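This report refers to the structure that appears directly beneath it.
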Amino acid sequence: MKNFVEIFHDPFIWDIYRQIGNLETASEESLKKSGGVRHDFSHVSAVLGNVDQICNALGLCDADREEILISALLHDVGNMHGRKDHHKNGALMAEEYLNQIDMDEQVKFRIVDSIAGHGSGSETLQGKILALADKLHCTADRFYPTTRQVAPEESHGVSLLMDLKSVDVSVDGDTFIIQFTSNGNFNMDEIIEYQPLIAKIFIPIKECIESLGMKQMVLVDDIEWIVSDKVITAGVNELNQWASNNFKDGHGRDTFVTNAN
Ligand SMILES: [Fe+2]
Ligand SMILES: [Fe+2]
């Protein structure tokens, strides 16, 4: 794990995420632009934890784990240059950074590819695990505290996620289990109305688990959170509509592609 530990302790990387946090909280306007969603080191740290959990559940080898941990560590550095195209900008920054490290070219390629694809679907299992670990950080600590005061309709449903406290991942036979714990107030019927948000969370879940050839089970406390393909498709269509309308406003994202039908 030499490379991961070295990168993890590199002040250059910490400084990038510190700057991202400062940019997001610089003013009410910038906080609003970030959607109240953190892309600072606290987010990265949670994604690293999720990657660890997924690797443990799947019994992945140390080499695969290290590769995905490095991609998780670097995945949001592109936010230094704003939300728009942060996947692509981050991939370029990561490539430049990793070129200074003695690393297998194939591994480097997959790390950069995972970062480039963490919002819109990566072809590799490593990339799909990164996207899953990223989106599973949709619990209360993902958001700046003021997000809780924003009405659900204004936050596109995001403030409702603040009722989720934590997430755990496990495997039971051929079932991949994602277990959220809530504060008791999480409302599945209310949040389902925010289809783009649901799509953003459930697409990486579905794509990763399908590529593993496993069945998915998502629970909030002891209730199964079932989302139909119809809801996901409607959410994707709405996301793509937003992307084409708002690209200039810093909400730009790559076009979402999904197999959901
Ligand atoms: Fe990101
Ligand atoms: Fe992220």
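The values are calculated or read from the model by the stated rules, or taken from the named source; none is laboratory data. Computed from a predicted model, the values in this text were never measured in an experiment. No Cβ is skipped: glycine too gets one built from the backbone with ideal geometry, and neighbour counts run over all protein chains shown.
A few points about this structure:
- Test result for VAL107, in a helix (DSSP H, G or I), under 22 Å from GLU207 (Cα atoms), within 16 Å of ligand 1 (Cβ to nearest atom) and not small (Gly, Ala, Ser): no
- Scoring ALA26 on the criteria (1) within 22 Å of LYS200 (Cα to Cα); (2) at pLDDT below 95 leaves a single failure, condition (1).
- The single residue among LYS206, LYS165, LYS230 that is at negative phi, surrounded by fewer than 16 Cβ atoms within 10 Å (Cβ to Cβ), in contact with a strand residue (DSSP E or B) (Cβ under 9 Å, 6 or more places away or on another chain) and among the charged types (D, E, K, R) turns out to be LYS165.
- Condition met for GLU190 (more than 17 Å from the chain's Cα centre (by Cα), in a helix (DSSP H, G or I) and of a type in the set (Asp, Glu)): yes
- As a summary of the residue check, ARG148 satisfies the conditions (1) under 26 Å from ASP85 (Cα atoms); (2) assigned to a helix (DSSP H, G or I) except for the one numbered (1).
- Filtered residue count, segment 22-40, keeping only those that are in contact with a Phe, Trp or Tyr (Cβ under 8 Å, 6 or more places away or on another chain), part of a helix (DSSP H, G or I) and surrounded by fewer than 19 Cβ atoms within 10 Å (Cβ to Cβ): 2
- Criterion violated by GLU66 - all others in (1) farther than 20 Å from ASP15 by Cβ; (2) buried (at least 24 other Cβ atoms within 10 Å of the Cβ); (3) not hydroxyl-bearing (Ser, Thr, Tyr) satisfied: (2)
- When SER114 is tested against the conditions (1) buried (at least 18 other Cβ atoms within 10 Å of the Cβ); (2) more than 16 Å from ligand 1 (Cβ to nearest atom); (3) polar (S, T, N, Q), the lone failure is (2).
- Yes/no for CYS55 being touching a residue at least 40 places away in the same chain (Cβ under 8 Å) and away from ligand 1 (no atom under 13 Å from the Cβ): yes
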